[in-house]
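For reference, the structure discussed in these notes is given below.
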Amino acid sequence: SGVMSLLRPLLLDVVPTVQQTAALALGRLANYNDDLAEAVVKGDILPQLVCSLSEQNRFYKKAAAFVLRAVAKHSPQLAQAIVQCGALEMLVIYLEDFDPGVKEGASWALGYIARHNSELSQAVVDAGAVPLLVLCIQEPEIALKRIAASTLSDISKHSPELAQTVVDAGAIAHLAQMILNPDAKLKRQVLSALSQIAKHSVDLAELVVEAEIFPVVLTCLKDSDEYVKKNGATLIREIAKHTPELSQLIVNAGGVAAVIDCIGSCRGTVRLPGIMMLGYVAAHSENLSMAVIVSKGVPPLCACLIEEHEDHIKAAAAWALGQVGRHTPEHARAVAVANVLPTLLALYMDTRSSEDLQMKATLKNILQKCTYLPALEPLLHDAPPNIMKHIVGQFSKVLPHDSKARRLFVTTGGLKKVQEIKAEPGSLLQEYINTINNCYPEEIVRYYSPGYSEILLERVENYHPVL
């Protein structure tokens, strides 16, 4: 109905309340969807807004910051339009305003601009926002602290250089002090900001660790707020992934045990960062993988495979188990004993599983080290050829040296199953089968070969008794 062009002149009205209400109306329209936000940009309303910003009272400033935030949130293009009309400088001036509500509005708008991509984030940095945002997180108002921490997180996430800018402004120490703040929403933002800084490089992760976030951050894993738990686990994951030393530091602080408890006590996507963190820790070295096993990390990871419905969470759990089991026979046994191999095989063979899940559920990593035969035995009956060769390969390594295992292999039907496998002559699988067959007397192998019972019956029929 042409309401935009009617509201625009009202931004310059002589009555302050008319100005504020007009700005509020525009903000609410722009907030609704991107088409309306687009209309605000096309209607040349932004220059008018910026032009009238400087000499207004705090109510108008808040309303104006709301319009800018509402437009910026929808897309990088709309956020770019705000940068182009010169609003950033204004918003940065607002960060120094006397009124906390104005600071909050400005911080929120800057966060919505910075979150889209590194160019926009860089524009916010170049406008001088970061040191002022670090001052905002030190203000007494909780709402302002939350938004400022969130904006620092949005700026840090795109690149190591942007994260470094936030670090250079002294943000880490102030963020780290707020990990124990009783306000859950503030903790979420603080943990998120620290994660976004730590994720980029070893150096940045070490700077976060040096702010003495351990063991304090582990209390967040017991928090009643799901997002605090998730963000806490994400922060620990982002640190653990970089080096064995950082992972060891987390283990020493009791971090692995705390993450395992956390996975056991929650469901759904909250579990995901914790699952991945255990995978990263286990991937680094035999000792770190053993730390996950000793802290009883395998059963909760197995539980995730069974309890979760989302393929990406199952895939993460399958990947983590693979990292735990891939080092030595001892590691593989710890995973195999939990009776998880049949579950992994079923997920691998399930046509409904996503491609990623099938890739992560392949048992190769664990099988190549697993010498615990009772766990491999059930797989002989279901595995597809590409997995079968690894299973048969493990039997061919163990059976020649273990008489008890050889006996068991016959009584449980394993030897019979091996005789039924069709292998290409000269293939690796055929070599493994030959090695297994060489562990037994010829008549035993013959007895379990397909068709042997018919041959025996034939001999019975053709036998002429000696009377």
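About the Cα centre of the range 157-248, how large is the charge dipole given +1 on each Lys and Arg Cβ and -1 on each Asp and Glu Cβ? Please answer in debye to the nearest 20. Before the final figure, lay out each step's value.
Values: 10 positive and 12 negative charges, 92 e Å.
Using only the charged Cβ atoms, the result is roughly 440 debye.
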**Message:** What does the extension gain come out to for Asp99 and Gln84, with contour length at 0.36 nm per residue minus their alpha carbon separation?
**Reply:** 2.8 nm
**Message:** Between helix 226-240 and the chain, what is the angle of the helix's C-alpha long axis to the longest principal axis, kept within 0 to 90° and rounded to the nearest 10?
**Reply:** 70 degrees
**Complete:** With x for Gly and Pro, the residue-by-residue ³J(HN,Hα) of the range 368-385, computed from phi through the Karplus equation 6.51 cos²θ - 1.76 cosθ + 1.60 at θ = phi - 60° and given in whole Hz, is 5, 10, 7, 10, 8, 5, x, 7, 7, 3, x, 6, 4, 8, 10, 5, x, x
**Message:** Set the bar at 22 Å for Cα to Cα. Now go through Lys241/Lys397; Lys103/Lys230; Lys314/Lys416; Lys364/Lys422; Lys389/Lys416 and name every pair that lies beyond it.
**Reply:** Lys241/Lys397; Lys103/Lys230; Lys314/Lys416
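Using the crude model of +1 on Lys and Arg Cβ and -1 on Asp and Glu Cβ, and no other charge, please compute the dipole size for the chain relative to its Cα centre, in debye to 20. Could you put the intermediate results ahead of the total?
Numbers: 42 positive and 49 negative charges, 192 e Å.
Its charge dipole is roughly 920 debye.
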**Request:** Measure off, as a whole percent, the carbon and sulfur share of the 1.4 Å-probe accessible area of the chain, all protein chains present.
**Result:** 54 percent
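Report the calculated FRET efficiency for Glu454 and Ser285 (r = Cβ-Cβ distance, R0 = 41 Å), to the nearest 0.05.
On the way: r = 54 Å, r/R0 = 1.33.
Computed FRET efficiency for Glu454 and Ser285: 0.15.
In Å², and per residue, what accessible area does the range 163-281 have when probed at 1.4 Å with the other protein chains present? Show your work: numbers first, answer last.
Details: 4410 Å² over 119 residues.
Spelled out: the 1.4 Å probe surface of the range 163-281, per residue, equals 37 Å².
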**Asked** Which listed residue (Ala320, Met276, Gly255) has the Cα farthest towards the positive end of the charge dipole for the range 212-370, taking +1 on Lys and Arg C-beta and -1 on Asp and Glu C-beta about the Cα centre?
**Response** Ala320
**Prompt:** What accessible area, in Å² to the nearest ten, does a 1.4 Å probe give for His464?
**Reply:** 150 Å²
**Complete:** A student asked for the Cα radius of gyration and Dmax of the chain in angstrom ought to give 31.7, 129
**Asked** What number, in percent, do you get for the relative contact order of the chain if the mean sequence gap of Cα pairs under 8 Å and at least 6 apart is divided by its residue count?
**Response** 6 percent
**Request:** Please report, in debye to the nearest 20, how large the charge dipole of the range 75-200 is about its Cα centre when each Lys and Arg carries +1 at its beta carbon and each Asp and Glu carries -1 there.
**Result:** 580 debye
**Asked** How many Å² of accessible area per residue for the range 372-462, probe 1.4 Å?
**Response** 60 Å²
**Complete:** Here the gain from full extension of Glu139 to Ser265, 0.36 nm per residue of separation minus their alpha-carbon distance, amounts to 41.9 nm
**Prompt:** Which one of His309, Gln77, Asn231 has its Cα pushed farthest toward the positive end of the charge dipole of the chain, where Lys and Arg give +1 and Asp and Glu give -1 at the Cβ?
**Reply:** His309
**Message:** Can you give me the angle between helix 428-437 and the longest principal axis of the chain, using Cα atoms only, in degrees from 0 to 90, rounded to the nearest 10?
**Reply:** 40 degrees
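Calculate, for Asp126 and Asn31, the FRET efficiency according to 1/(1 + (r/R0)^6) with r their C-beta to C-beta distance and R0 35 Å; round to the nearest 0.05. Walk me through the numbers before you get to the answer.
Details: r = 27 Å, r/R0 = 0.76.
Once rounded, the FRET efficiency stands at 0.85.
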**Complete:** Compactness summary of the range 372-462: radius of gyration and Dmax from Cα atoms, Å, are 13.6, 45
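Could you compute the FRET efficiency for Glu245 and Val3, with r as their C-beta to C-beta distance and R0 at 35 Å, rounded to 0.05? List each step's numbers first, then the result.
Values: r = 61 Å, r/R0 = 1.73.
Between Glu245 and Val3 the formula returns 0.05.
The values are calculated or read from the model by the stated rules, or taken from the named source; none is laboratory data. In this text the structure is predicted, and so the values were computed from the model without any measurement. Every residue, glycine as well, gets a Cβ built from its backbone with ideal geometry; the counts of neighbours run over all protein chains shown. The area values use the complete protein model at the heavy-atom level, side chains included, leaving out ligands, DNA and RNA. Shrake-Rupley method; radii C 1.70, N 1.55, O 1.52, S 1.80 Å.
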